[in-house]
Each structure stands twice: as structure tokens, then as C-alpha cells.
Amino acid sequence: MANKKTTIGPTIFGKSIFHPLNLILLANSIIFLIQLMLIDDKDPSRSLSLSIHKIFGLQPISFMNGRYWQILTYGFLHSTASSLPLHLIFNMYGFYLLGGYLVPLLGKWKFTFLYFTSLISGGLMVVLAAYLGVLVNGNSAFDGLITVTIGASGAVFGLMSMFGIFFPEMELLILFFAIRAKNAVWFSLILGAVMTYFGSAPISNTCHFGGALGGFAFYHFFVRGKQKERGNLIDIVVESVQKTEEKMIEVTPEETNKKHIQTVKSLNDIKKKEDYLKSYQVPSANICPPSTFNTEDSYCLNCEWLPNCLLRKTKDEA
């Protein structure tokens, strides 16, 4: 009998716990829980959670003074100011949604590389914009030198830019607006700038912009050239999506065998029947005696060797 492939070990959302989507999701969630545990309810101003932000969040002046780890660690911290973890939820929802489409196309390692490339490029843009602002007019118009940036949104914008390249006509829902994927990054950047200017929203637009640039750069340096070698981009995308959908749909042996039986019945020529069945033969199959073969018997219909028996019967009837 045919065995179904199953994922070994614990899973999250149907994927192994060691899948990059789940590892990054868990890392962000666990660190957020640690942040919550370090909050001082009696005196929030002395909370250890704020100290973590200063040490591991991205502060341009601290980064330039030697805290280089901040270029990575800032992406795993999220705001605890709200009673609801909206900052974490929005970032992780966007990450998992986009990642679910990109991993089958890029592969796990390349997807992980894309994520961290976008995270780092978003952080570098924050530092660059802060120092350029000071050099030009003595005051940064974007993130200040002592402003602390946290959150995974820079990395998410990198994924969004890659998603827009692969699925340009698909629609993404951004704050109740259905936007085509090829325009989603630019729409989000403009929306963020408007919210910051008119509503003083705590958004790092430079981080978002840097993350998106990182995603575009990653595509041109690490993906585009490979695709030229392999063939047309649209064909690759369609083929990958089809394979993903086929994996998601479980086909039982009975359904497969019924398809074989129907196909054989629809063919009038014996040679065509034999040619069709030969491609589905199981090597060294220990098939049952001819008299026990019955295409309506549940045992036969669930047996992976049915095409062997069906071929033998076809030859006997010839």
C-alpha cells in the first residue's frame, strides 16, 4: 500500500517547527514575551524593557560608537506600549503571509538570506539618513541620531518588494485598501509618510524604504540572473505555485486508481491502454491472482499495485 508523506516532529501551521517561517516567528514572539516580563508596572520609566530597547534597538549614534549588533537585533524587538501587541501582530502577519508564497519559489535558505538582507539594509538606511540629515542642515528630517528604531517591518518591506516582482497583479489588503502587489511597496511608503507627517505616527519610513531597496537589490543580484538561466519568470512562478498546490491537496490511492480505470475505459485502442499503464507500473510488485482482481473492490482500489493488475487484465483481454 502507498504511504503518505508526513512531517516528522512538531509543526506550526502545517510546517515543521524548524521551517524558517516558524523559526523567525518564534524568535520574535519569544523575545516579545521576554520584553513583557521585564516591564515594571509600578514605574514604567525604569522598566528593564526600555533598557533592552536602548541596548538592542537601533540607535544611530550608538551603532556608530560600536554597538554594531543593533543592525540585526532591532528587528526582533517590538513595541510594548499598547495593551495589544499590534506592532508584533501586523509585522508577523505580513511576514508569514508573504513568506508562504516566497519560500516555495526561492527555497528556504535563499528566503532566509532575503529576510536578513532586507532587515540589515533597512537598519543601514536609518543610520545613513540620520547622519546625512545632520550633515546637510544640522538636524535630521527623518530618524534622529538618538532615536531608537525597533521592529521587523524593514524585513517585511523587503519581502513585499520581492512579492511584487513575482506576483505583480495579485492584490494585497493594506489598511482596507486593495492594492496590486507591484504598487504595494510604494503605496505603503507614501501612506507611512502621510501618517507620520499629519498624525505623528511612530513609523520609521527610512527603515521601510531601506528594507524595500534591500529586497529589490537581492532580486537583481541573487535571483534574476539564476532565472535567466532557468527560463521565463512567469513559467517558473506558475510551475512552483502548481507544485505547492499539489502538495497541499492530498490525493488518496483510491482516487488515483479510479482515475486510471476511467482513463483505460476511455481508450479504445489496446496499444494505447498498454502504453498508458506501463508508465504507472510498480517494479517487482507481488500482485494477486487474476481471479481476485475487481475494480470495484475497496481493497483493490486502495492498492498501489492496481495498475499492474489492470495491465495484466488488459493484455489478457487483447
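The values are calculated or read from the model by the stated rules, or taken from the named source; none is laboratory data. Computed from a predicted structure; not experimentally measured. Cβ: placed from backbone, ideal geometry, glycine included. Neighbour counts: every protein chain shown.
Please enumerate the residues belonging to the range 61-81 that are modelled with pLDDT under 95 and touching a Ser or Thr at 6+ places or on another chain (Cβ under 7 Å).
Listed by number, the list holds a single entry, 80.
Can you pull out the residues in the range 183-206 that are of a type in the set (A, V, I, L, M, F, W, C) and either part of a strand (DSSP E or B) or touching a strand residue (DSSP E or B) at 6+ places or on another chain (Cβ under 8 Å) (or both)?
Result: 184, 187, 191.
May I ask you to say which residue of 105, 132, 97, 84 is farther than 19 Å from residue 205 by Cα, in a helix (DSSP H, G or I) and at pLDDT below 90?
From the options 105, 132, 97, 84, the qualifying one is 105.
From the set of residues in the range 286-318 that are hydroxyl-bearing (Ser, Thr, Tyr) and within 17 Å of residue 253 (Cβ to Cβ), which is surrounded by the most Cβ atoms within 10 Å (Cβ to Cβ)?
The residue in question is 295.
What's the number of the only condition in (1) modelled with pLDDT under 85; (2) hydroxyl-bearing (Ser, Thr, Tyr); (3) part of a helix (DSSP H, G or I) that residue 276 fails to meet?
All conditions pass for residue 276, except number (1).
Residue-by-condition table, conditions (1) closer than 17 Å to residue 122 by Cα; (2) in contact with a Cys (Cβ under 6 Å, 6 or more places away or on another chain); (3) modelled with pLDDT of 90 or more; (4) among the basic types (Lys, Arg):
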| site | (1), (2), (3), (4) |
| --- | --- |
| 157 | yes, no, yes, no |
| 179 | no, no, yes, no |
| 185 | yes, no, yes, no |
| 196 | no, no, no, no |
| 208 | yes, no, yes, no |
| 212 | yes, no, yes, no |
| 218 | yes, no, yes, no |
| 228 | no, no, no, yes |
| 236 | no, no, no, no |
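Please verify whether the range 169-182 includes one or more residues that are part of a helix (DSSP H, G or I), surrounded by fewer than 20 Cβ atoms within 10 Å (Cβ to Cβ) and out of contact with any Asp or Glu (no Cβ under 6 Å at 6 or more places or on another chain).
Yes, because at least one residue in the range 169-182 is part of a helix (DSSP H, G or I), surrounded by fewer than 20 Cβ atoms within 10 Å (Cβ to Cβ) and out of contact with any Asp or Glu (no Cβ under 6 Å at 6 or more places or on another chain).
Quick grid of which residues meet (1) touching a residue at least 12 places away in the same chain (Cβ under 8 Å); (2) not aromatic (Phe, Trp, Tyr):
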position: 157; (1), (2): yes, no
position: 160; (1), (2): yes, yes
position: 168; (1), (2): yes, yes
position: 179; (1), (2): no, yes
position: 183; (1), (2): yes, yes
position: 188; (1), (2): yes, yes
position: 193; (1), (2): yes, yes
